[in-house]
Amino acid sequence: MNAPIKGKHYKTGRPVEVSVEQGRITSVTELAESPARADWPWLAPGLVDLQVNGGWGLDLNTLPLQPATVLELSRLLLGNGVTSYCPTLITNGKEALVQAVSAIAEAASLYPEDAGGIVGIHLEGPFLSPEEGPRGAHPREHIGSPDWDRLCRWQEAAEGLIRILTVSPEWPNAAAFIARCSESGILVSIGHTAASPEQIREAVAAGAVMSTHLGNGTHLTLQTKPEG
């Protein structure tokens, strides 16, 4: 059992003691002494970020991606309170994504102490809208319809680490693809889309559970259809 940590509760500012055993918090106890000492740290739950493309000059989408880049980014995020995050790759060529997910998987498997905050890879594309506006900065030449075999190849290279996939449900085969992703344990997020309300409803019924930066990566004017 590690030595207890004393600090100030992030909500109340009152002094608390946190007990940790084998890397897990076992108790949080409020202390009788008040006020908390000024030199005590603020204690709060770790931050979770589901979409991290990079930071501090480190870009996960500058290829070839090196495991060392992933490790350094993980350390910097942890130092700023982010204890869990999803390294996020945007649309790119088939082989480029194989290389990138492999580098992330290598960092996570070989250096768990430094890259332990990685809870899964977020693949943002390439199954997005090809239209100007919704596509955003994603390169048009690599955008395409959902392809299960291609996703399986990336997942194999990622050693099963792909956990979130941003998809536009405007493609004809999107609902079936989303259902298959959901069954395999991949969370599907709707984003960079020009889908109709009906297509979005179909995607949700098929298993889509999230939205990637809602209101961004879409047309300036959205379709609306009165209920009833």
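Data table
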item: Residue satisfying all of: in the range 141-190; surrounded by 18 or more Cβ atoms within 10 Å (Cβ to Cβ) and polar (S, T, N, Q); farthest from Leu110 (Cα to Cα) among these; result: Ser168
item: Cβ pairs under 9 Å, 6+ apart, first in the range 177-203 and closer than 14 Å to Trp148 by Cα, second of a type in the set (Ser, Thr, Tyr); result: Phe177/Ser145; Val188/Thr166; Val188/Ser182
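Rundown of residues vs (1) farther than 16 Å from Gly207 by Cα; (2) of a type outside the set (Gly, Ala, Ser), yes/no style:
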{"site": "His142", "(1), (2)": "yes, yes"}
{"site": "Trp148", "(1), (2)": "no, yes"}
{"site": "Ala174", "(1), (2)": "no, no"}
{"site": "Ala179", "(1), (2)": "no, no"}
{"site": "Ile186", "(1), (2)": "no, yes"}
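We did not get these values from a lab; they are worked out from the coordinates using the rules stated. Just so it is clear, the model here is predicted, and its values are computed rather than measured. So basically every Cβ, Gly included, is an ideal-geometry build from the backbone, and we count neighbours across all protein chains shown.
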